[in-house]
Amino acid sequence: MNPILRQIIIIVVVMAAVLTASAGLIWLERRLLALWQDRRGPNRVGPFGLMQVTADMIKIFFKEDWIPPFADRPVFVIAPALLVVTVLMSFAVVPFAPGFVVSDLNVGLLFFLAMTALGVYGIALGGWSSNNKYALLGAIRATAQMLSYEVFMGLALMGVVILAGSFNLSDIVEAQKNLWFCIPQFPGLVIFIIAGFAETHRLPFDLPEAESELVAGFHSEYSGIKFGLFFVGEYLGVTLISAMIVIFFFGGWLGPFLPPILWFVIKTFVFICGFILLRASLPRPRYDQLMSFAWKVLLPLALLNLIITGGIVLAVG
Amino acid sequence: MNQPAPIVDELRNRFNDTVLMEQPTRDDIPTIWCTCDGVPDILGYLKNTIDRPYRMLYDLTAIDERWRDHRQDQPKGDFTVVYHLLSTDRNQDIRIKVPLEGEHPCLTSIRDIWSSADWYEREVWDMFGITFDGHPHLRRILLPATWEGHPLRKEHPARATEMGPFQLPVDKQLREEDALRFHPEQYGLSARREDTDLMFLNLGPQHPGTHGVFRIALQLDGEEIVDAVPEIGFHHRGAEKMGERQTWHTYIPYTDRIDYLGGVMNNLPYVLTVEKLAGINVPDRVKVIRIMLAEFFRIASHLVWYGTFVQDIGAMSPVFFMFNDRERIFDIITAITGGRMHPSWFRIGGVAQDLPDGWEELVREFLRSMPKRLKSYDKMMMGNRILKIRTQGIGAFTLDQALDWGVTGPGLRACGLEWDFRKKRPYSGYEQFEFDIPVAQRGDCFDRTVVRIEEIRQSLRIIEQCVNQMPGGPYKADHPLATPPIKEHTLKDIETLIHHFLGVTWGPVIPPGEACVGVEATKGNNSYYLISDGGIHAYRARIRTPSFAHLQIIPAISRGLMVPDLLAILGNLDYVMADVDR
């Protein structure tokens, strides 16, 4: 097959799969939360309420595309797109199965970190351009929170890089043939998961949009499809972080009997459910508590992990 | 308690020129009339100097006396301002009344004696047009700034049909909107502090965290609260004014809606006060039924508070569990009363009906399952580290502050004071029951949470005793003023038939007098101060609600904290806006 055509097909498949998955996630989350909260959740549209998301999408697409008169128009429009684009870009380096990757970059890991870092702009600009005090507070929280968690998200991954000897995500997966990195890199895993929650700003780290405090936080002024983009962006982020946890710590597509792609999907799905379960069960810390936890606990921990891993690898190899 | 209280003699000796007379009341609270000029001295003496002081300004209100018939034995005056003080050391109240003459009389503010007098004086000004000299910002509090007139004055109409049709032309709408604008300078707040610019954030009246139509203007430095200005009145429905036109009997449903989470708990102080005025003694069965239902509503209210409070802190699931439990309480309430949140089920001299067949089993089933669920909630929330760091040391007030601001209920008990009307001044037969008063020491959000959760357990204990020892007998007192009288009797004797007829067509006539009975309601001390002028409705119906006092303390305990802390405090204080605004 023409390699260019093959690449295009992969891009289309990945795009479609990722977008469908994150839309389906909305349904899944609502049903799972309902199950854990003694209620029913959406069950009217289609079998098991599966078409609920479709119905919501239709509604959101046909809503009036309203921009508040006091907002900074161009920035206000670009912000949600920026968020979704950066997350989708990250999926470009995700190896779903051997050879099944949009772009097998040598610096895949760095590309992923760079893209998540850029994602902050979507939120910060969205909150800033809304010209609303609640949105501004949400954006400030988002910026501070995501920037600081970025720091040791990267640091937590350096242990993995040392063990695998590569920034290439496929190589990292291959390096876990004998032992998944979740065992030698357990502190790294914990830190990465916590940072991942902060990056996706999901409960317990949903301070940027803390409903009971900031109404809707950074996207208070958004409605219609622009709000829809923020919404889908959040679920894309959840999928991305879950996929990354699997790639860095749980051997990616590796696994017996089943085809590699299925292993990857199953593992990712488990972590997505973990995200939802945590959301259902934890309260939210305060903004300054979150920051001090990041800098006083997680950062030293990540550095320590890095030093020890480096030391051991140096001594052994 | 019928002999004159020693406090009266003491005041007479000390303030001979100021004390005018002592007035006997149906509730036996020592009631003293004082001159207008001397009252700040007396109040200051009672709060600060006297042995075992009256440290709480329990209530401050006024009466428009101009249309009253039965007050020949009282000092002359057009208006009366009433100070109701409470001493926790003596477990005794005192009522100081001041006669005032003229259309818009003036009085010295006692804002510097009690912090809580701030809002109470504003309310009196708003409702009666009585001014208080020296009050820092005597502005409307419950009514919109554009309101004309003072509604609790007798000449002010009570019904919409007595006023012209309501119209809202554009210019009026703009004027109204403009009046809602927050002007920081009115409250002495500035937009700068040293070299930082401060931001004003308007939180509410439509905000998911304020639990009702409540507005706080925040002065922020980043997310740190420099100052806060609470604003109330959005839920004001004129409940006290309605008390002056509804008959004694038909006012009962209005009381349900004061603390709308409290259900029949609101009926209780009202019917107790009316019964005191009418001299009705209710049968034992009525007392126990009332206690049982009131305790059910205490649990229901605490469950709503528990769920919404932890949701304010970010935990999204518990609220569903707790509302489910509350639904199960409502199943029992429905089986007994036919209503859910507002059954209006207590009557003057009894309750509406006898308990239905099979009620015991329903209640027992609930008593069996609830403790287990409470235990699992404790595991889920109270053991959670995040909840602890969000609530410990947040929104703390000391016992002195609490008494100064008029805090009652769990808030007061969380400061270490064992103060519960059910124990200290047993009403409706609470002295027959065994239960504890949970207390805590630090007075912060966490301690208030602990106290309330323990109260749920104590309420379960009380309900259990109710089921086990429910006395037999009639569900209504055999008294001509018990309304409506027992139906079966009306078909047998002419006397009851006449009372029934009059009670339904006209309304029961309660003998002249005044009384105030307080109960330990779900959120604190709730009391009705009713004045009868020998008519079919109250001459003045004053409702003292706990939430009103509790909201006032918010700025004092939230300065220096952050926005999320404020929301935790709001969720934790457990107020209901209808209870604040009435």
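The values are calculated or read from the model by the stated rules, or taken from the named source; none is laboratory data. Since the structure is predicted, the reported quantities are computational estimates derived from the model, not experimental observations. Please note: Cβ atoms are built from the backbone with ideal geometry, for glycine as well, and neighbour counts cover all protein chains shown.
With respect to the conditions (1) farther than 30 Å from residue B:287 by Cα; (2) surrounded by 15 or more Cβ atoms within 10 Å (Cβ to Cβ), residue B:379 falls short on a single one, namely (2). Taken together, B:307, B:383, B:350, B:395 contain a single residue that is within 14 Å of chain A (Cβ to nearest Cβ), touching a residue at least 24 places away in the same chain (Cβ under 8 Å) and not β-branched (Val, Ile, Thr), which is B:395. Per this entry, residue B:509 is counted among residues that are more than 30 Å from residue B:300 (Cα to Cα), in the same structural domain as residue B:294 (by TED's automatic domain parsing) and either among the β-branched types (Val, Ile, Thr) or part of a helix (DSSP H, G or I) (or both).
Filter region A:144-167 down to residues that are of a type outside the set (A, V, I, L, M) and out of contact with any Leu (no Cβ under 7 Å at 6 or more places or on another chain) and give me whichever is surrounded by the fewest Cβ atoms within 10 Å (Cβ to Cβ).
A:165
Cβ separations smaller than 9 Å between residues 6+ apart or across chains give the following pairs from region B:153-179 residues that are touching a residue at least 24 places away in the same chain (Cβ under 8 Å) to residues that are part of a helix (DSSP H, G or I) and among the aromatic types (Phe, Trp, Tyr): B:153/B:128. Taken residue by residue, region B:120-130 has at least one member that is surrounded by 10 or more Cβ atoms within 10 Å (Cβ to Cβ), more than 24 Å from residue B:550 (Cβ to Cβ) and modelled with pLDDT of 90 or more.
Within the bounds of region B:269-287, is there any residue that is within 14 Å of another protein chain (Cβ to nearest Cβ) and not hydrophobic (A, V, I, L, M, F, W, C)? No, that holds for no residue. Tell me, yes or no, whether region A:10-29 has at least one residue that is within 14 Å of chain B (Cβ to nearest Cβ) and not β-branched (Val, Ile, Thr). Within region A:10-29, one or more residues are within 14 Å of chain B (Cβ to nearest Cβ) and not β-branched (Val, Ile, Thr).
Determine which member of the set A:227, A:181, A:192 is within 15 Å of residue A:244 (Cβ to Cβ) and modelled with pLDDT of 85 or more. Answer to the check: A:192. Note on region A:220-234: residues that are assigned to a loop (DSSP other than H, G, I, E, B) and away from chain B (no Cβ under 14 Å) amount to 3.
Only one of the numbered conditions (1) of a type outside the set (D, E, K, R); (2) on the phi < 0 side of the Ramachandran plot; (3) surrounded by fewer than 18 Cβ atoms within 10 Å (Cβ to Cβ); (4) not in a helix (DSSP H, G or I) is violated by residue B:161, and that is (4). Taken together, the criteria exclude residue B:530 from residues that are within 14 Å of another protein chain (Cβ to nearest Cβ), buried (at least 24 other Cβ atoms within 10 Å of the Cβ), within 25 Å of residue B:256 (Cβ to Cβ) and touching a residue at least 24 places away in the same chain (Cβ under 8 Å). Residues that are over 16 Å from residue A:31 (Cα atoms) and touching a residue at least 12 places away in the same chain (Cβ under 8 Å) within region A:50-71 comprise A:57, A:60, A:61, A:63, A:64, A:65, A:66, A:68, A:70, A:71, listed in sequence order. Here region A:235-285 is the region considered, the condition is being within 14 Å of chain B (Cβ to nearest Cβ) and assigned to a helix (DSSP H, G or I), and the residue that is farthest from residue B:571 (Cα to Cα) is A:275.
Scanning region B:538-582 for residues that are more than 14 Å from chain A (Cβ to nearest Cβ) and among the small types (Gly, Ala, Ser) yields B:538, B:541, B:547, B:549, B:556, B:578. Are any of the residues in region A:288-296 under 14 Å from the mean Cα position of the chain (by Cα), in contact (Cβ under 8 Å) with a residue 40 or more places away in the chain and away from chain B (no Cβ under 14 Å)? Within region A:288-296, not a single residue is under 14 Å from the mean Cα position of the chain (by Cα), in contact (Cβ under 8 Å) with a residue 40 or more places away in the chain and away from chain B (no Cβ under 14 Å).
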